[in-house]
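The structure appears below as structure tokens.
The values are calculated or read from the model by the stated rules, or taken from the named source; none is laboratory data. Keep in mind that this is a model prediction, so the values were computed, not measured. Here Cβ is always computed from backbone atoms with ideal geometry, including for glycine, and neighbour counts include all displayed protein chains. SASA here: full protein model, heavy atoms, side chains in, ligands and nucleic acids out. Shrake-Rupley method; radii C 1.70, N 1.55, O 1.52, S 1.80 Å.
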Amino acid sequence: MVADDIMQVYNNTNKFVAIRGKALNKSKAVIKISVQSLIDYSLQSGDLGTGFLSASRAVEGTRGHQAVRKALISALPEDTVYTSEVPITFIMEGKRTILEVSGRIDGVIEAPSNTIIHEIKTTQIHPDYIEKDHNPHHWSQAKCYAYMYSFRYKLNRIGIKLTYYCLENRIEKSFMEEYEHIHLEEFFLPLTESFLDWQDILYEWQDSRNTSIHSLSFPYPFYRKEQSKFMDGVSNCVNTGSMLLAQAPTGTGKTMAALFPAVKALGNKAISRIFYLTAKTTTRAIAQKALDDMRQKGLQLKSVTITAKEKTCLNSSFSCDPATCKFAVNYYGKVKNAVRDAFRYDSLERSIIEGVATIHEVCPFELSLDLSLWCDVIICDYNYLFDPQVYLKRFFMNQKGAYCFLIDEAHNLVDRARDMYSAEIGKRSVMELKRAAKAEVPELYIYIDELYKHILHISKELDNGNVESGSSQIQVRKEPPAELGRLASRLAEFAELLLSKGLSVSFQEALLDIYFNLVSFTKILELYDDHYITYYEKTPKDMKIKLFCIDPSRLLKDATNKGKASILFSATLSPVEYFTRMLGGDEYSGTMVLPSPFLKDNLCVFIDDTVTTKYKTRYLSYDYIAKSILSAVSCKAGNYMVFFPSFEYLREVYFRFQGIQTGIRTLYQTPGMSEAARQEFLDKFETSGETSLVGFTVLGGVFGEGIDLAGDRLSGAVIVGVGLPLLCNERNIIRQYFDEQAYSGFEYAYLYPGMNRVLQAAGRVIRSETDRGVIVLLDERYSNHAYRELLPSEWLPVLRASDACKLEEVLRDFWEG
């Protein structure tokens, strides 16, 4: 832990305290850290392991501890004393800081001839499968306690008893070791000394950083319109430790408006670290550039960009197996030198991290996580804060930090959160794993078979009470599948044990997939409350059981509460009341809706509300839509994008358009385009020439937001439909839930998400003060007040076909004006 956890100058307590070194310099800052955190930080393992001990497991674990102690105490001789829950603290002084390491020992056994540290771990694995080296971190934790206790009481020798207690069958298994104090010291002191050494380096760096921040001026010659207002809102939010939701249209300069005051707050020690969270690679790059622009003005600040593991893998084929990947072999033996090497750089972007990782032969993804410990700004995807599977445990596991969360493109977070906080198990995958395991790993087969039989039982129940939906049988229940969760947890824990011992089988990939799936299911089950339903769907070939998060607002709030301040911003957070509720805001959250900074006369918006694009009659509109697109792009040669509700709709209109146009270049988006293909698509949108270019894309896709085609690179957008998600069971579940909550279920499930896609797509057109462009909306529903009131105020009044306005005349007048 770095400056996040600086406490008051050391103040003695009634805890057992071990102090090493001379009299403490009480003017130094004190860093308080737990034994477990010291191990995680010093061994660079803060995000390793599944860590899927749940809240209910924690309660069961407490009972397990009590059972172990009761049995042990009853068997002890009269001259032996057992003391449970023993607090202990060790204090050590560095050049700039004082380190206070604290923990609570499960038990201390004191006999006339020896003293034993008792560490208790609960498990769902049968003890027969647990060996002494089951988890090296358990021994590391116990050895830290043993050193601290033996130092405190001047013991030359001390024992460690590590007990595993199986919650399933109430059987325990123990391992004993005896250690000389000097050998424990050789283990413990390097951990604390290494940690203190880094803290001293950091404090020297932070002095330079803060000096540079204090003298930093705004990096651009002037503020954009409304930008200073946004910055004032961010400053107030950070200083008061609150939440701000801000709708700031394109051109406001949102990224710098969020980062600059946050950096200033960092220099004033109002916050300890900035997390810039977003869903898009492009917006991460914009954040990096904003920091670089400040560095050009003298800022000294370290930032790291975390890129997904599969994208940074240095192997020709993605594999995290230490047996085949040289970047995974002895990672913890090599990473400290890699971290120190990388610390030379201030901006730790992907290319820098991959370069350092190549030299030191370490995994670049894991290196980026370890570097985050020593950086002031962390740029990453939403899931590193919100996702219960992959969130950064080293920051968010145990306590609240003085963090500032800058959450860009926040309109994406609602649906992303539903995905992150949902999980499912499929019968087919369990059945296939069961077949594969039967011959190769019989002991694993037993656990899989138990889970599979229970899923079959659920399947039979579903036959007796199903609701027909096409070829599927659907059933929704409010209560969680507790027994399924218990069996999934047992299988996951046993699979983890086998995998940690180097199990290699022909079905390795399938085993890993289902292991992570089960871990996810177990974790999500612990979050289950009245914001969830269990969704059972049976098809002729499979059955899935899904824990579906309908309303993620509480979980998002829990996540943002791990920091001090949260600023959620986007060009489209309308209606702001909806997003405030869904993103975890409350009556104390601030809101800000900024007007567009651009001239209204530079944008022409036309609505053709005489055509329907509803799904059932969509086929009747293909020819009309093709002709409308041709009219829109023929009034002025330029580059245009057309956005469709689906790929099927896109293809049908595209082929008709090709049949009626001449001399217009076209390209179209395909499902699952690679990054290279997407970039090639965008590269075609160069400065417009004598002939028009029309790109056919889908609403809500990769070209519908997060791209910047300023100037002549984009002259207009034609948006087909109102962006509503397709009717489906899950959307209807959301609709019903919010209807029951006295909100408008249709608006929450369909209207607001759909119109947000429309507004994002429309936002591609005007990107700077000098841009001019057109937006054409094609759908009769734009005549409906519910849709029209969600359009930006700067668009109004909008010219409509139903008012006898003609598309060609309106656009021609605009371009000639």
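A compact table of results
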quantity	calculated
Identity of the residue in region 164-193, closer than 27 Å to LEU38 by Cβ and of a type in the set (A, V, I, L, M, F, W, C), that ends up surrounded by the most Cβ atoms within 10 Å (Cβ to Cβ)	PHE188
Residue check, ALA290 in a helix (DSSP H, G or I), modelled with pLDDT of 95 or more, touching a Cys at 6+ places or on another chain (Cβ under 8 Å) and not polar (S, T, N, Q)	no
Residue in region 516-552 that is nearest to VAL414 (Cα to Cα), counting only those that are among the acidic types (Asp, Glu) and either touching a residue at least 40 places away in the same chain (Cβ under 8 Å) or surrounded by 14 or more Cβ atoms within 10 Å (Cβ to Cβ) (or both)	ASP551
Close pairs from region 161-173: first more than 12 Å from ALA67 (Cα to Cα), partner of a type in the set (Gly, Ala, Ser) and open to solvent by 20 Å² or more (accessible area, probe 1.4 Å), Cβ under 6 Å, at least 6 apart	LYS161/SER174
Members of region 645-688 found to be closer than 14 Å to ILE629 by Cβ, open to solvent by 30 Å² or more (accessible area, probe 1.4 Å), among the aromatic types (Phe, Trp, Tyr) and in contact (Cβ under 8 Å) with a residue 12 or more places away in the chain, listed by number	TYR668
Single unsatisfied condition, ASP232 versus (1) assigned to a helix (DSSP H, G or I); (2) open to solvent by less than 30 Å² (accessible area, probe 1.4 Å); (3) within 21 Å of PRO597 (Cα to Cα); (4) of a type outside the set (S, T, N, Q)	(2)
Unique match (being buried (at least 19 other Cβ atoms within 10 Å of the Cβ), touching a Pro at 6+ places or on another chain (Cβ under 9 Å) and within 30 Å of VAL30 (Cβ to Cβ)) among ILE105, ILE88	ILE105
First in region 788-803 and under 15 Å from ASP601 (Cβ atoms) and open to solvent by 80 Å² or more (accessible area, probe 1.4 Å), second anywhere and assigned to a helix (DSSP H, G or I) and at pLDDT 90 or above, Cβ under 7 Å, 6 or more apart	none
Qualifying residue in region 252-264 (condition: on the phi < 0 side of the Ramachandran plot, at pLDDT below 95, in a loop (DSSP other than H, G, I, E, B) and crowded, with 20+ Cβ neighbours inside 10 Å)	yes
Pairs where the first residue, in region 188-207, is more than 25 Å from TYR147 (Cβ to Cβ) and the second is part of a helix (DSSP H, G or I) and of a type outside the set (Ser, Thr, Tyr), C-beta under 7 Å, 6+ apart	GLN206/ALA3
Residues of region 706-737 satisfying the condition of being assigned to a loop (DSSP other than H, G, I, E, B), farther than 19 Å from TYR787 by Cβ and open to solvent by less than 30 Å² (accessible area, probe 1.4 Å)	GLY706, ILE707, LEU709, LEU714, SER715
Hits in region 561-577 - residues which are crowded, with 21+ Cβ neighbours inside 10 Å and not in a loop (DSSP other than H, G, I, E, B)	ALA565, SER566, ILE567, LEU568, PHE569, SER570
Qualifying positions in region 645-674 - out of contact with any Ser or Thr (no Cβ under 6 Å at 6 or more places or on another chain) and polar (S, T, N, Q)	SER646, GLN658, GLN661, THR662, THR666, THR670, SER674
Residue among LEU184, LEU245 that is assigned to a helix (DSSP H, G or I), of a type outside the set (D, E, K, R) and modelled with pLDDT of 95 or more	LEU184
Breaking point among (1) open to solvent by less than 20 Å² (accessible area, probe 1.4 Å); (2) without any contact (Cβ under 8 Å) to a residue 12 or more places away in the chain, for LEU620	(1)
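Residues checked against (1) hydrophobic (A, V, I, L, M, F, W, C); (2) free of Cβ contacts under 8 Å to residues at least 60 places away in the same chain; (3) over 24 Å from VAL35 (Cα atoms); (4) not in a loop (DSSP other than H, G, I, E, B):
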residue: HIS65; (1), (2), (3), (4): no, no, no, yes
residue: THR83; (1), (2), (3), (4): no, yes, no, yes
residue: ILE91; (1), (2), (3), (4): yes, no, no, yes
residue: GLU100; (1), (2), (3), (4): no, no, no, yes
residue: VAL108; (1), (2), (3), (4): yes, yes, no, yes
residue: ILE117; (1), (2), (3), (4): yes, yes, no, yes
residue: HIS138; (1), (2), (3), (4): no, yes, no, yes
residue: TYR149; (1), (2), (3), (4): no, no, no, yes
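Condition check ((1) in contact (Cβ under 8 Å) with a residue 60 or more places away in the chain; (2) buried (at least 17 other Cβ atoms within 10 Å of the Cβ)) across all residues:
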site: LEU406; (1), (2): yes, yes
site: PRO442; (1), (2): no, no
site: ILE458; (1), (2): yes, yes
site: GLY485; (1), (2): no, yes
site: ARG490; (1), (2): yes, yes
site: PHE494; (1), (2): yes, yes
site: ILE514; (1), (2): yes, yes
